[in-house]
Amino acid sequence: MSPVVVVPLGAWEQHGNHLPPATDTLIITAVAAAAAATVPGVVLAPTIPVTASDEHRGFDSTLSIGTEAFASSVVAIARSATWAAGVLFVNGHGGNADGLAIAHEAMDHEGLRHDIWSLPAYEGADAHAGRTETSVMLHLHPGLVDMTRAATGNTAPLHEIIGTMRTGGVKAVSPTGVLGDATAATASHGRSVFGMWVTSLSQRLTKVSSEWTDRA
């Protein structure tokens, strides 16, 4: 029986002064590994650590391949996985959304069996390097978090600042790079959020695994 392949998509970008640039990569790797362990017949691929982070230009510790190159890479990975029942791309970085939309259209056009799952939001979540991500990192990798440097950044809802971010990047709305309140982070909140994300991904993985193997 052909396996389902899970490809985690991270990022390497500035996360305030208190989190490492690999934050998105570390989080999505852990979520993908925990979910993949719950579903038989899954192949967990290495996490792609540098993706589309152009919105973080101007900050140190940011690397990006841009939206077009990222989209092309996703499609190329799906093309190469003809031996698999399908590929589930597991996304841990909001800046990848445009590239994934482009890739999804191309993969549909080429008839490449795939699905895309991104970390789900929840009531009270913030966007970048705030309470949400800092809490999850305190749960997963507390030694990599420096809470003495945590700060409250721009706490406006994302829909109110996304237009400015698209033209001027994150730096235009937050000099520290924080979108949310990192000072409110706790490991216990991170544990709850991580568990919710793993459950959501496990459910999606179970669904596509059943559908794709039935059609294989």
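The values are calculated or read from the model by the stated rules, or taken from the named source; none is laboratory data. Only a predicted model underlies this, so the values are computations on that prediction, with no experimental measurement involved. Because the Cβ atoms are built from the backbone with ideal geometry, glycine has one as well, and the counts that use them run over all protein chains shown. Ligands, DNA and RNA are excluded from the accessible area calculation, which covers all protein heavy atoms including side chains. Shrake-Rupley method; radii C 1.70, N 1.55, O 1.52, S 1.80 Å.
Counting the residues of the range 171-184 that are closer than 13 Å to Asp126 by Cβ and in a helix (DSSP H, G or I) gives 3. Restricting attention to the range 176-188, does a residue exist that is surrounded by fewer than 23 Cβ atoms within 10 Å (Cβ to Cβ) and over 20 Å from His18 (Cβ atoms)? No: the range 176-188 contains no residue that is surrounded by fewer than 23 Cβ atoms within 10 Å (Cβ to Cβ) and over 20 Å from His18 (Cβ atoms).
Determine, yes or no, whether Val145 is of a type in the set (A, V, I, L, M) and touching a Pro at 6+ places or on another chain (Cβ under 9 Å). Yes. No other residue among Val43, Val31 is in contact with a strand residue (DSSP E or B) (Cβ under 8 Å, 6 or more places away or on another chain) and buried (at least 19 other Cβ atoms within 10 Å of the Cβ) apart from Val31. For Ser209, the conditions (1) open to solvent by 30 Å² or more (accessible area, probe 1.4 Å); (2) over 18 Å from the mean Cα position of the chain (by Cα) are fulfilled apart from (1). Those helices (runs of 4 or more DSSP H) of the range 54-170 in which 3 or more residues are of a type outside the set (Asp, Glu), open to solvent by less than 40 Å² (accessible area, probe 1.4 Å) and under 16 Å from Asp24 (Cα atoms) occupy 131-140. Determine if the range 145-167 includes at least one residue that is closer than 24 Å to Pro8 by Cα and either free of Cβ contacts under 8 Å to residues at least 24 places away in the same chain or over 18 Å from the mean Cα position of the chain (by Cα) (or both). Yes, some residue in the range 145-167 is closer than 24 Å to Pro8 by Cα and either free of Cβ contacts under 8 Å to residues at least 24 places away in the same chain or over 18 Å from the mean Cα position of the chain (by Cα) (or both). Apart from one condition, Glu13 fits all of (1) open to solvent by less than 30 Å² (accessible area, probe 1.4 Å); (2) at positive phi; (3) not β-branched (Val, Ile, Thr); the exception is (2).
Check the range 61-84 and report whether any residue there is closer than 22 Å to Trp197 by Cβ and of a type in the set (Phe, Trp, Tyr). Yes, because at least one residue in the range 61-84 is closer than 22 Å to Trp197 by Cβ and of a type in the set (Phe, Trp, Tyr).
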